[in-house]
Amino acid sequence: MAQSFYHAVDRHDNKRHNPADALNIDCNSMSSLPAMKLDSLRIFISYPRGGAAHTWAEVVEAHLRREGARAWRDETGVRGGDQHWYARIESELHAADLLVAIIGMDSKVCRWQARELLATDRRGKPIVALRVDDRAPMPLVLCEKQPVEARPDRAETLAILVEALQRSASTLLAAPVTNGSASAGAPPDQRAAEIVWLESLLYGNLSARPDLYVPLEGIERSSPHAERSLKKVCIATDSLFKAFGVADAAARIIETRPYSDVLDAYRELGDRKVRRLAVLGEPGAGKSFSLERIALAYADRAMRDALTPIPVLVPLGLWTREAETLEEFIASQLEGLGRYLPQLITQGRAVLLLDAINEIPPGQRRHKATQILKLAQDERLASVVISCREKDFVEFSLPFDTLTLQPLSPPRVRDFLQRYHEAQHGPGAIEAAEALFWQIAGGAEVRDAWEAWRRAGAEGLFWTADEIPREQPDVYSTTNWQQDRAWRRSRFDPRSLLRLAANPYLLYIMAQLPDPPDNRAQLFQGFLAILYDREWEGRKLRHDPHLPEREPWLLALTQLAEALQRLSPVDGAEGAAGARTTLTQAEWPAGIDKTLIDFSRDASVLELRGSDLRFTHQLLQEYLASRLLLDASQGRRPAADFWPAERWWERSGWEVVAEIAAESCAGDAAAQIRLIAWIAEANPEVAEQIWRHAGTPPLPATLLAHLSARWMPLMTDPARVPQARARAAIGRAMGRLGLDRRPGVGLRADGLPDIDWVSILGPQPFIYQDTRHPGLPTFEIARYPVTNAQFQAFIDAGGYQDERWWQGFEHAPAAKPPKWDEPNSPRENVSWYEALAFCRWLSAATGAAVSLPTEAQWERAARGCAGREYPWGPFEPAYMNCAVHSDDDGEADIGRASAVGLFPQGATPAPELVFDLSGNVWEWCRDAYSQLSETAAAGKVSRVLRGGAWSSDPDDCRAAFRFDGSPRLRYDNLGFRVFRGSPIDPLDAASQGVEAQRRPRSSTP
């Protein structure tokens, strides 16, 4: 739209040229130009359409973007069909820091370029002119400016242009806001309040952020929710996906976009239709830091231009009052600017930066998320960015696009350490930063290996390669075995300090410590020691009488951490889980007084805003709470104090604390085992997770026997443990600990799958697809679906390499890892071909005719002779692992595959007792879906799936429901069970002339 309008007004030669042809430019060589950063300035490119100036505009835009600037040109910045193209151009012109005017022979007839130059000059913004034809007259508004003259050498011309832009940019910070700008943007009293707020950001606690910032990588994913762009939808997207069973399909089509610097994603929001973004990451990943950094960038511009947006940066962890609305809370955080929040929104000048929504009290999250969404949908907001821990974001059900922060790469860790040391000690501290980096990376041996890779031309591959390169470049022949060993240790050791340093907050701590410790517990122990000593010494020098002793101080902080970890949600909301991060004064523990708070605030350990008290970072809170767990595990308190019996299986916030407690015991296996045993009394799954986190130390046989005796009977007893998710948690723990030794679940003594065969007697007439079937010969079917442990035996026996098992059909080159790998969970992500290959291998190994059941055999086992609706009889949602609210208290379903046999009430009636025929995973049958007489392995026709899965609607789990899938299909809800007997049933449904019932089905299981 903008392009055609320019053409109509200018009426001059609009013939387009290829930039490389017109300027004799080798585009591939542009990356060799000098690296001259422009610090992400907004640069508006003004040019006439057509001719050499047009071509130069394209080249200049590309080069400025590579140099870090946010270059804007109407041809690429205005989308086709945009009805507001004029406003878009005007908005970008007003928001720009600088304007580059490309002056050619066509400039004298281009009225639009003249208007852009005049508007910029009136606003007092810098203009840098690039004259691409020495015959072209300079426009009147630029007659006093010395232009950059285009030269035959393209690189020289662009370099000179960048230098001119940098000189002009250096004057921006000193340029005062003109009265004209202020009157055009906001009334004087509002503008005065804006200046106070912006100065508090630019010159307050955040002022050091730009010096320390290193680019954070992120992966943006577009939300599949209709609510993403619509304010109101008739049916919630989550309910829609669930009703049609396409949640997985929706996730697979989500558009992703990587960013090498997440600040670029923030800057681009204002140009998008959907201007809402959720920044996700683990604790300490840099979520708050990146929001603070972009707030400073906005504040810098807003100080110089009264029309640009104002950053509204607020920490949601302080929004603890139930009755306080979001608008009221934001206004309270903006100091004097708060009274003008409605005006900022009306003017379209509010950039909402809501930090740490996961710190909202758990009991208030649902209704406060509704307020966040309502405010975010106000189209007058310039943009909205929220930050949240990745695991907590699902609780808020916000239909935002997401930007997931990625760990820092080793080169960026190195860059940060250099920036930090230079900011602290000056340029001469670079060597100290280098020494610290290589100490974190693994020492002198790793540095020597890196030097060898660098000499071989593979410096960039050192931290990312999975194998030592042998050609282009050849590293293998230039390194010795010691260097190769050092590289593998630095690249793959899970205990490498570089893995901790990839977390920006932990790296910041490391930068302050003289020697990098081995784990998080040691990190924070050292961190607290340094902060305490620094503050104590400073106060001592000032003869301050209020000097708390170290141990009482740590004890009081530990009590505060426990209060935050344990405190029930605000207003006593029931059923909420998670840890609080803010305490009001009425909730402070008795040991917390003003003297301790003042000391801790000055030591940068605590923050106090109003009456709200919190740690400066949640990981500090969790480390101190870990001291409490270690003390309690000495027999002083039961683990049920931390994981109450009525909800032990739910995440409570103590899980990360337990990990840090285990790290504190590093080198003391006895202490780690004592901690694991103590936790296991209340929560076997967390105990098992801590066992793996600690490196799977050998557990005493007496402890394993005790755990088995305590928890195994509960795993399959709905009468004693009615909550399906609780039994599933026990199943996961028992499987990973190797304690699930039920017949039919694992392996025999000879290493082969231990299949527990159930005999289905025949011939007896039975109901098959609502039609009488004359009966089948006696056959045997597995009591459980094939488990991960059993399928792994096939893999370990070379099943994927042995051609015997794959003759006549598609040979899968390798197994697809299961999504859930507990040994006692059903193997999923298995195709029909793989299931049949497993059967062939097991037949050869055992001498029995093992195969997949035919559909008639499967239905006879599931429905009996009377044609039961479900294997047990009438509908009971609590009898199977499917997508329903299965518990009386409204608890959500399991939401994933579970250990086999967790629903004994859902088994077929005695004496058969076949489990999991409804729910858990879909099960492959031998038959082709449309030709039931076709059971041969050859061909690619769709094969029958029966039984439904954990992700299925209960109706799809009926024993008579038919489904199908391509034999090569692999999903995390597809598994199988095996049959023993005659491999092909002569009395199948097709041979009896039975026409199978067809039902509409979704495109994926």
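Rule-based calculations on the coordinates, nothing more; no lab input. Owing to the predicted nature of the structure, the values given are computational and were not obtained by experimental measurement. Cβ coordinates were reconstructed from backbone atoms using ideal geometry, including for glycine residues, and neighbour counts include every protein chain displayed.
The trypsin sites (Lys or Arg not before Pro) of the stretch 380-460 that meet both conditions, a loop assignment by DSSP and at most 12 other Cβ atoms within 10 Å of the site Cβ, are Arg380. Once the Cα-Cα distance is subtracted from the 0.36 nm per residue extended length, the Lys816 to Asp641 segment shows a gain of 58.9 nm. Taking the Cα centre of the stretch 757-992 as reference, the dipole from Cβ charges on Lys and Arg (+1) and Asp and Glu (-1) amounts to some 780 debye. Normalising the Debye intensity of the stretch 727-836 to I(0), with uniform scatterers on Cα atoms only, and taking log10 at q = 0.12, 0.15 Å⁻¹ returns -0.57, -0.81.
Local charge for Ser477 was computed over the other residues whose Cβ lies under 15 Å away, with Lys and Arg +1 and Asp and Glu -1, and equals -2. Calculate the tail of P(r) for the stretch 702-775: the fraction of all Cα-Cα distances greater than 18 Å, expressed in %. So the portion of pairs separated by more than 18 Å is 60 percent. Simple rule: put +1 on each Lys or Arg Cβ and -1 on each Asp or Glu Cβ in the stretch 757-992, find the dipole, and look at Gly981, Ser966, Ser952; the Cα lying farthest toward the positive end is Gly981. The alpha carbon centroids of the stretch 469-487 and the stretch 507-568 are separated by 44 Å. Spread over its residues, the convex hull of the C-alpha atoms of the stretch 455-507 is 87 Å³ per residue.
With the biggest extent put first, the Cα atoms of the stretch 336-448 measure 57, 32, 23 Å across the principal axes. In square nanometres, what is the average projected area of the Cα convex hull of the stretch 267-372? Projected area, direction-averaged: 7.3 nm².
Considering only Leu269, Pro315, Ala331, and ranking their Cα positions along the charge dipole of the stretch 253-368 that arises from unit charges at the beta-carbon of Lys, Arg, Asp and Glu, the one farthest toward the positive end is Leu269. Between Ile219 and Leu761, the C-beta separation translates, for a Förster distance of 45 Å, into a calculated FRET efficiency of about 0.20. As a proxy for reagent exposure, ranking Ile440, Ile103, Ile673 by other Cβ atoms within 10 Å from fewest up yields Ile673, Ile440, Ile103. Residues His811, His367, ranked from the fewest to the most other C-beta atoms within 10 Å, line up as His367, His811. For the residue pairs Lys287/Lys819; Lys287/Lys368; Lys108/Lys145; Lys368/Lys819, the C-alpha atoms sit more than 23 angstrom apart in Lys287/Lys819; Lys368/Lys819. From the Cα gyration tensor of the stretch 511-555, with a ≥ b ≥ c the square roots of its eigenvalues, which class applies: rounded if a/c is under 1.5, or else prolate if a/b is larger than b/c, or else oblate? Oblate, because a/c is 1.5 or more while a/b does not exceed b/c. Note on the stretch 526-696: with charges restricted to the Cβ of Lys and Arg (+1) and Asp and Glu (-1), its dipole about the Cα centre is near 300 debye. The Rg/Rh ratio of the stretch 606-721, with Rg taken over Cα atoms and Rh as the Kirkwood radius over Cα pairs, comes to 1.03. Taking the stretch 409-562, how much of its Cα-Cα pair set, in percent, is spaced more than 23 angstrom apart? Of the Cα pairs, 50 percent sit more than 23 Å apart.
Charge dipole of the stretch 410-522 (Cα centre as origin; +1 on each Lys and Arg Cβ, -1 on each Asp and Glu Cβ, all else neutral): 280 debye, rounded to the nearest 20. The mean of 1/r over all distinct Cα pairs in the stretch 402-479, once inverted, gives the Kirkwood hydrodynamic radius of 14.0 Å.
By the Kirkwood approach, averaging reciprocal distances over each pair of separate Cα atoms, the stretch 757-992 gets a hydrodynamic radius of 17.6 Å. The ranking of Ile310, Ile660 by Cβ neighbour count inside 10 Å, starting from the fewest, reads Ile660, Ile310. For the stretch 526-696, the equivalent ellipsoid derived from the alpha-carbon gyration tensor has semi-axes of 30, 20, 12 Å in decreasing order.
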